[in-house]
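> So that we are looking at the same thing, I have put the structure below in structure tokens.
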Amino acid sequence: MIKHINKYTVLLMVAFCTSCSGQAKTDLPKDSVKSEPASVITSTGPKWITRNIIKDRKGNIWIAAFDGVFRYDGKSFTNITNKVSSARFFSVLEDSKGNLWFGSIGSGVYYYDGKSFRNFTTKDGLAGNEVTCMYEDKAGNIWFGTGSGASRYDGKSFQKFKIREVPPPTVADSVHISAYQHPLPEGSWMHNDVNAIIEDKTGKFWFGTRGYTFIYDGKTFTTITNKDGKPFANVRSIIKDKKGNIWLGGYDGLWRYDGSTFTNFSQKFVGYIYEDKKGNIWTSSESSNELNRVPSGYSANTAAWALSRYDERYLSDKKPTVTEITNKLVIFGILEDDKGSIWFGSSDGVYRYDGKTITDFKSKEGRK
């Protein structure tokens with residue numbers, strides 16, 4: 001039996017699962033600035049779906065969750081958006097000027113300069129109000145990946161990009177779990193549903209979408225294929241490591257591109273990728289532990305996920321050393337803090353792994 005997952009349900013719950021157009025620019029509104037109300041300080045972190053975690057230049061940890069954007073200063077959590085918006089937050093970015101950007105599901109993006117907020121939506125030039133990823137390029141432009149294409153912000157206005165000229169998705173659109181077993185139509189809306197954006201060392205941009213993965217050279221979008229000529233489907237995460245290699249994680253597993261060759265490290269679905277200070281690669285992916293199977297009532301694509309570490313010393317081996325640290329129902333964003341501990345998001349908040357124990361922050365004491 002084929003399962004149907006509504007696109008918007010996937011975004012709200014769990015999604016595991018060549019031309020450029022629309023170049024019109026839109027000036028930003030001057031009346032959308034809101035002063036920051038009193039933030040809510042708490043000893044506990046988010047308690048709902050936590051999608052993205054970053055560290056700012058001061059060492060604070062920022063967490064994008066469905067119950068707000070939280071800042072952790074090493075002692076306590078502050079819900080920065082509690083009095084500003086009830087939006088479900090999906091992504092967070094600190095730009096080169098120290099400003100923060102918070103991407104939401106359905107409410108666009110919020111810009112925060114430390115004192116006030118500004119909200120930008122499709123009315124201001126965003127390609128879509130579901131902002132699932134953000135990236136700052138070498139020139140200082142901010143890119144926003146949405147469910148309806150990408151937008152680039154140059155500090156004054158937004159510019160829209162469509163990977164494929166197709167009708168936008170509707171509530172009636174759904175994703176078949178088996179869809180990626182077959183070539184996707186060129187006209188599928190999934191090719192414009194952007195999950196990840198990265199700029200490589202040559203200045204080209206990689207776009208991971210719910211459809212295929214593309215390279216943008218400033219003029220055209222070209223589909224990327226692996227060594228067997230197969231397109232990379234439903235890529236959820238793309239990073240550039242310290243050596244300039246590009247890592248892809250998605251439906252087709254974990255791949256590395258060194259500028260000439262693609263190398264596959266795992267065929268299991270990979271959701272997030274992160275490189276730590278030592279060069280180890282961390283992933284959230286389907287677990288290989290058969291003891292952690294799907295709880296009753298859940299799809300096989302939404303359970304038994306592992307936080308795994310690929311040892312940097314063996315990444316050149318045909319079978320590199322990989323260690324599964326823990327299993328959760330789902331695992332999302334990953335971050336290393338100043339002390340070397342690994343933070344990761346899940347369906348019920350944020351966790352921290354110090355090399356020995358795992359601590360949650362749903363209660364004052366935290367369970368280990």
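The values are calculated or read from the model by the stated rules, or taken from the named source; none is laboratory data. This is a predicted model, so every value here is computed, not measured. Glycine gets a Cβ as well: all are built from the backbone with ideal geometry, and neighbour counts include every protein chain shown.
> Hey, does the stretch 63-73 have a residue that's under 20 Å from E336 (Cα atoms) and either in a loop (DSSP other than H, G, I, E, B) or touching a helix residue (DSSP H, G or I) at 6+ places or on another chain (Cβ under 8 Å) (or both)?
Checked the stretch 63-73: at least one residue is under 20 Å from E336 (Cα atoms) and either in a loop (DSSP other than H, G, I, E, B) or touching a helix residue (DSSP H, G or I) at 6+ places or on another chain (Cβ under 8 Å) (or both).
> For the list (1) farther than 18 Å from D354 by Cβ; (2) among the hydrophobic types (A, V, I, L, M, F, W, C); (3) modelled with pLDDT of 95 or more, I need the number of the one condition that V330 fails.
(3)
> Also, I was wondering about something else. Could you tell me which residue of the stretch 231-286 is nearest to F205 (Cα to Cα), considering only residues that are under 17 Å from the mean Cα position of the chain (by Cα) and of a type in the set (S, T, Y)?
Selected residue: S237.
A quick yes/no check of all residues on (1) among the aromatic types (F, W, Y); (2) farther than 23 Å from K204 by Cβ:
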position	(1), (2)
K115	no, yes
N119	no, yes
T122	no, yes
N129	no, yes
T132	no, no
Y135	yes, no
A139	no, no
G145	no, no
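> Is it the case that the stretch 292-311 has a residue that's at pLDDT 95 or above and either among the basic types (K, R) or assigned to a loop (DSSP other than H, G, I, E, B) (or both)?
Yes, there is a match, as at least one residue in the stretch 292-311 is at pLDDT 95 or above and either among the basic types (K, R) or assigned to a loop (DSSP other than H, G, I, E, B) (or both).
> Against the definition (outside any loop (DSSP other than H, G, I, E, B) and either modelled with pLDDT under 95 or more than 23 Å from I331 (Cα to Cα) (or both)), how does N52 come out, yes or no?
Criteria not met by N52.
> Considering only the stretch 89-144, give the strands (runs of 3 or more DSSP E) lying wholly within it that have at least 2 residues that are within 16 Å of D56 (Cβ to Cβ) and either within 18 Å of the chain's Cα centre (by Cα) or modelled with pLDDT of 95 or more (or both).
Filter on the stretch 89-144 gives 100-105, 109-112, 131-136.
> Just name the residue that is surrounded by the most Cβ atoms within 10 Å (Cβ to Cβ) out of those in the stretch 152-176 that are outside any strand (DSSP E or B) and modelled with pLDDT under 80.
P169
> Going by what's in this entry, would T283 be described as out of contact with any Asp or Glu (no Cβ under 9 Å at 6 or more places or on another chain), of a type in the set (V, I, T) and at pLDDT 95 or above?
In short, yes.
> Exactly one condition in (1) at pLDDT below 95; (2) farther than 30 Å from D154 by Cβ is not met by Y72; state its number.
Status for Y72: all satisfied but (1).
Yes/no matrix, rows are residues, columns are (1) outside any strand (DSSP E or B); (2) surrounded by 20 or more Cβ atoms within 10 Å (Cβ to Cβ); (3) in contact with a strand residue (DSSP E or B) (Cβ under 7 Å, 6 or more places away or on another chain):
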| site | (1), (2), (3) |
| --- | --- |
| K219 | yes, no, no |
| K227 | yes, no, yes |
| I238 | no, yes, yes |
| G249 | no, yes, yes |
| I273 | no, yes, yes |
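> Give me the pairs, please: first residue somewhere in the stretch 61-85 and farther than 11 Å from G45 by Cα, second residue anywhere and aliphatic (A, V, I, L, M) and not in a strand (DSSP E or B), beta-carbon distance under 6 Å, and either six or more positions apart or on two chains.
Sorted first by the residue in the stretch 61-85, then by its partner, the pairs are F66/I49.
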